[in-house]
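So the structure is just underneath, and the comments pick up after that.
The values are calculated or read from the model by the stated rules, or taken from the named source; none is laboratory data. Computed from a predicted structure; not experimentally measured. Virtual Cβ from ideal backbone geometry, glycine too; neighbours counted across all protein chains shown.
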Amino acid sequence: MFEQTFKNIDDILHKDAGCGSELDYVEQTSWILFLKYLDDLEKDKATAAELSGKTYTPLIDKKFQWTTWAAPKGKDGKIDHHKALTGDDLADFVNIKLFPYLKKFKADAESADTIEYKIGEIFSELKNRIQSGYNLREVINRIDELRFRTHAEKHEMSHLYESKIQNMGNAGRNGGEYYTPRPLITTIVKVVAPQIGNKIYDGAVGSAGFLCEAFSYLNKKGISTKDTVTLQKKTFYGKEKKSLAYIIGTMNMIFHGIEAPNIIHTNTLAENLADIQEKDRYDIILANPPFGGKERAEVQQNFPIKTGETASLFLQHFIKILKAGGKAGVVIKNTFLSNTDNASVALRKQLLESCNLHTVLDLPGGTFTGAGVKTVVLFFEKGSATKKVWFYQLNLDRNLGKTNALNEKDLAGFVELQKTKADSENSWSINIKDIDQTTLDLSPKNPNKKEVAALRQPQEILEEMKALDEESADILNSILELI
């Protein structure tokens with residue numbers, strides 16, 4: 001049900017002059033979905049209050065409630081089109097009255113960890129881009145069909161929202177900014193193994209995939225009410241610089257069941273490392289910071305190791321903000337392990353001296369859609385120097401791409417072997433004292449990989465050529481279908 005509704009909404013937005021791309025579709029669908037979600041949440045809270053003999057005061061004033069302006073219902077339970085606004089009346093109400101009203105929630109909220117604050121923040125960052133009030137009416141009608149009342153409905157919604165984010169990642173050149181493959185996130189969370197009571201942080205939160213997955217990992221059946229409150233209020237923290245990613249990350253967490261996400265809209269790298277104190281530190285860091293970006297000179301002044309490379313600045317930030325004994329899983333460009341410029345060598349030295357870099361997962365090309373770089377995942381614990389690093393090279397018997405993405409099964413061997421850090425055809429360990437102490441080069445060079453025989457049978461070569469031809473034909477056919 002949800003999936004078809006999303007497709008219909010995209011078709012409507014495609015016709016609207018104000019929405020030009022998948023990014024706009026997700027952003028505009030998000031704010032309307034959020035208001036419908038909020039309406040269902042208020043109904044649930046009112047029912048719960050009634051059952052315990054209390055009265056519930058709604059967050060939203062009557063005239064701004066979903067059932068008043070968006071979907072007033074007749075006795076038959078269907079939208080009453082005589083009362084429901086449409087056309088210019090609807091567009092004017094949303095732009096001139098609704099958004100300013102919801103924006104004010106931020107200033108009036110008691111604290112930043114309340115749903116009121118999040119409502120205010122979301123509507124301060126967003127604006128309605130749907131120019132036609134008639135298109136807006138159609139979208140509202142579609143979204144009103146959705147329900148977020150049962151656990152199953154919320155679960156389906158969160159999965160679909162994830163797939164919207166994935167499409168958004170695929171649509172843009174910087175797909176990795178919005179979407180880290182879910183199987184990779186799940187694997188990183190499993191290896192880092194956070195516990196209830198830990199403060200978990202992502203300083204480049206994007207669409208909040210790491211925090212949502214960590215929540216799913218910890219939010220098991222049978223946890224106590226106290227643990228539930230801890231997970232809701234005192235566990236997940238994030239920062240995000242870009243407005244759209246900030247909105248989507250906040251929404252994604254809300255749809256996954258975290259009512260008032262502790263995500264702040266700020267440039268993490270604008271904080272001076274010298275100002276970070278013990279009270280600011282976290283037990284767990286899970287992140288895929290943007291790579292390839294360049295930061296201005298004044299931002300670089302906040303860091304002891306000066307470099308324009310965004311990912312290197314983030315890594316310094318993560319090392320500094322991690323508590324002693326804290327654990328991290330961070331995705332970074334694989335050139336971090338081998339670059340010989342002064343900043344890269346100094347950063348490797350800092351990481352190896354202040355943390356135990358116990359595991360490096362070397363990922364194949366194509367792991368990130370739309371990003372041509374190869375990446376590794378660094379797993380480290382702060383507080384003692386690295387003596388030995390265990391490497392695992394993920395060698396797959398296929399090329400990764402949009403239609404052939406990474407899956408959890410691909411990573412199962414890594415998760416299992418990582419527990420003992422055993423050697424295998426794809427894994428090995430190195431002693432830090434044995435590497436070049438000047439460059440501290442950590443490039444993954446697998447000593448156990450069997451050399452493939454140079455001479456192959458003609459039949460094998462012909463079969464490979466045939467397979468490649470078929471693959472090329474498939475690609476060409478799919479391109480022709482798009483034209």
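In region 230-239, what residues are surrounded by fewer than 19 Cβ atoms within 10 Å (Cβ to Cβ) and assigned to a helix (DSSP H, G or I)?
The answer is Thr230, Gln232, Lys233.
Just to verify a result, which residue in region 156-174, among those that are part of a helix (DSSP H, G or I) and of a type in the set (S, T, N, Q), is modelled with the lowest pLDDT?
This residue is Asn170.
(1) out of contact with any Lys or Arg (no Cβ under 6 Å at 6 or more places or on another chain); (2) outside any helix (DSSP H, G or I): which one isn't true of Tyr56, the others all being true?
Evaluating Tyr56 over (1) out of contact with any Lys or Arg (no Cβ under 6 Å at 6 or more places or on another chain); (2) outside any helix (DSSP H, G or I) leaves (1) as the failure.
Check off (1) over 14 Å from the mean Cα position of the chain (by Cα); (2) part of a helix (DSSP H, G or I) for Ile284 and give me the number that stays unchecked.
(2)
Give me the residue from region 106-119 that is farther than 19 Å from Tyr237 by Cβ and not acidic (Asp, Glu) and, out of that set, surrounded by the fewest Cβ atoms within 10 Å (Cβ to Cβ).
Ala107
Looking for whichever is of a type in the set (Lys, Arg), surrounded by fewer than 21 Cβ atoms within 10 Å (Cβ to Cβ), more than 14 Å from the chain's Cα centre (by Cα) and at pLDDT below 90 here; the options are Lys226, Lys221, Lys242. Which one fits?
Lys221
Within region 1-27, take every residue that is closer than 22 Å to Ser158 by Cβ and polar (S, T, N, Q) and give me the one that is surrounded by the most Cβ atoms within 10 Å (Cβ to Cβ).
Thr5
Give region 287-320 a look and list any residue that's under 20 Å from Ile188 (Cβ atoms) and part of a loop (DSSP other than H, G, I, E, B), or say none.
Asn288, Pro289, Pro290, Phe291
In region 55-87, what residues are of a type in the set (S, T, N, Q), exposed (fewer than 11 other Cβ atoms within 10 Å of the Cβ) and under 35 Å from the mean Cα position of the chain (by Cα)?
Residue satisfying the conditions is Thr57 alone.
With the condition kept exactly as written, say whether any residue in region 326-339 is of a type in the set (Lys, Arg), surrounded by 21 or more Cβ atoms within 10 Å (Cβ to Cβ), modelled with pLDDT of 90 or more and in contact with a Cys (Cβ under 9 Å, 6 or more places away or on another chain).
Looking through region 326-339, none of the residues is of a type in the set (Lys, Arg), surrounded by 21 or more Cβ atoms within 10 Å (Cβ to Cβ), modelled with pLDDT of 90 or more and in contact with a Cys (Cβ under 9 Å, 6 or more places away or on another chain).
For region 366-408, enumerate the residues that are assigned to a loop (DSSP other than H, G, I, E, B), free of Cβ contacts under 8 Å to residues at least 60 places away in the same chain and within 28 Å of Lys349 (Cβ to Cβ).
Once the filter is applied, which keeps residues that are assigned to a loop (DSSP other than H, G, I, E, B), free of Cβ contacts under 8 Å to residues at least 60 places away in the same chain and within 28 Å of Lys349 (Cβ to Cβ), region 366-408 yields Lys374, Gly383, Ser384, Ala385, Thr386, Lys387, Leu394.
Could you check, for region 117-136, whether at least one of its residues is free of Cβ contacts under 8 Å to residues at least 60 places away in the same chain, part of a helix (DSSP H, G or I) and of a type in the set (D, E, K, R)?
no
Please go through (1) assigned to a strand (DSSP E or B); (2) touching a residue at least 40 places away in the same chain (Cβ under 8 Å); (3) more than 27 Å from Tyr179 (Cα to Cα); (4) not charged (D, E, K, R) for Asn356 and return the number of the only condition it doesn't satisfy.
(2)
Select from region 126-155 the residues that are modelled with pLDDT of 85 or more and within 24 Å of Asn262 (Cα to Cα) and list them in ascending order.
Within region 126-155, Leu126, Lys127 qualify.
Does Ile258 qualify as being part of a loop (DSSP other than H, G, I, E, B) and farther than 21 Å from Phe380 by Cα?
yes
Kindly indicate which of Lys327, Lys320 is over 25 Å from Leu411 (Cα atoms) and in the same structural domain as Leu396 (by TED's automatic domain parsing).
The conditions single out Lys320.
State the number of residues belonging to region 375-400 that are under 22 Å from Leu468 (Cβ atoms) and either within 19 Å of the chain's Cα centre (by Cα) or among the acidic types (Asp, Glu) (or both).
1
I'm trying to understand the selection: among the residues of region 310-337, which are polar (S, T, N, Q) and touching a Lys or Arg at 6+ places or on another chain (Cβ under 9 Å)?
Thr310, Asn334, Thr335
Scan region 61-96 residue by residue and report those that are part of a loop (DSSP other than H, G, I, E, B) and touching a residue at least 40 places away in the same chain (Cβ under 8 Å).
Asp61, Ala70, Ala71, Ala84, Leu85, Thr86, listed by residue number.
Looking at region 258-278 only, could you name the residues that are more than 15 Å from the chain's Cα centre (by Cα) and closer than 23 Å to Phe148 by Cα?
Result: Glu259, Ala260.
Can you pull out every residue in region 97-116 that is outside any helix (DSSP H, G or I) and closer than 20 Å to Gln65 by Cβ?
Once the filter is applied, which keeps residues that are outside any helix (DSSP H, G or I) and closer than 20 Å to Gln65 by Cβ, region 97-116 yields Lys104, Ala109, Thr114.
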